[in-house]
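Presented below is the structure to which this report refers.
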Amino acid sequence: MFKLMEGEDVQDSVTFLFENQPVSATPGMSVAAALLAADVSIFRQTPVSQSARGPFCMMGACYDCLVFVDGMNVQACMTKVRDGMKVSRVPIINKDIET
């Protein structure tokens, strides 16, 4: 789905955890780009319909890439990877919603 360009220098790398699994990334990459390169396309589910969501705009406008980074809710496309960071999906909060 998303791959680094051929010939891109990947000598330096950082490692972070996504759902307790290690992911390697190039310094300066966004969390969204690193996860897409690692074949992760579902970042969260919507609260009402539980539809799968992942990065859409990659510029911070849509909020479909929300994840938890070190316990804080952030946009993955606007957050740069750091060595040792802990990333997880935003949990679904089951609330009775009347429509």
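Computed quantities for the displayed model
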read-out	value
Number of the condition not met by ASN73 [criteria: (1) surrounded by 12 or more Cβ atoms within 10 Å (Cβ to Cβ); (2) over 17 Å from GLN21 (Cβ atoms); (3) of a type outside the set (A, V, I, L, M); (4) in contact (Cβ under 8 Å) with a residue 12 or more places away in the chain]	(1)
Selection status of VAL10, out of contact with any helix residue (DSSP H, G or I) (no Cβ under 7 Å at 6 or more places or on another chain) and either surrounded by 14 or more Cβ atoms within 10 Å (Cβ to Cβ) or modelled with pLDDT under 95 (or both)	yes
Residue match in the range 56-67 (condition: under 14 Å from LEU17 (Cα atoms) and touching a Gly at 6+ places or on another chain (Cβ under 9 Å))	no
Leading residue by the ranking (modelled with the lowest pLDDT) among those in the range 13-33 that are exposed (fewer than 15 other Cβ atoms within 10 Å of the Cβ) and in contact with an Asp or Glu (Cβ under 8 Å, 6 or more places away or on another chain)	PRO27
Leading residue by the ranking (surrounded by the most Cβ atoms within 10 Å (Cβ to Cβ)) among those in the range 45-55 that are under 16 Å from GLU19 (Cβ atoms) and touching a Cys at 6+ places or on another chain (Cβ under 8 Å)	ARG53
Output for the range 34-44, where each listed residue is surrounded by fewer than 20 Cβ atoms within 10 Å (Cβ to Cβ) and more than 11 Å from ARG89 (Cβ to Cβ)	ALA37, ALA38, ASP39, SER41
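The values are calculated or read from the model by the stated rules, or taken from the named source; none is laboratory data. What you are looking at is a predicted structure, and each value in this text was computed from that prediction instead of being measured. In this analysis, Cβ positions are derived from the backbone assuming ideal geometry, glycine residues included, and neighbour counts consider all displayed protein chains.
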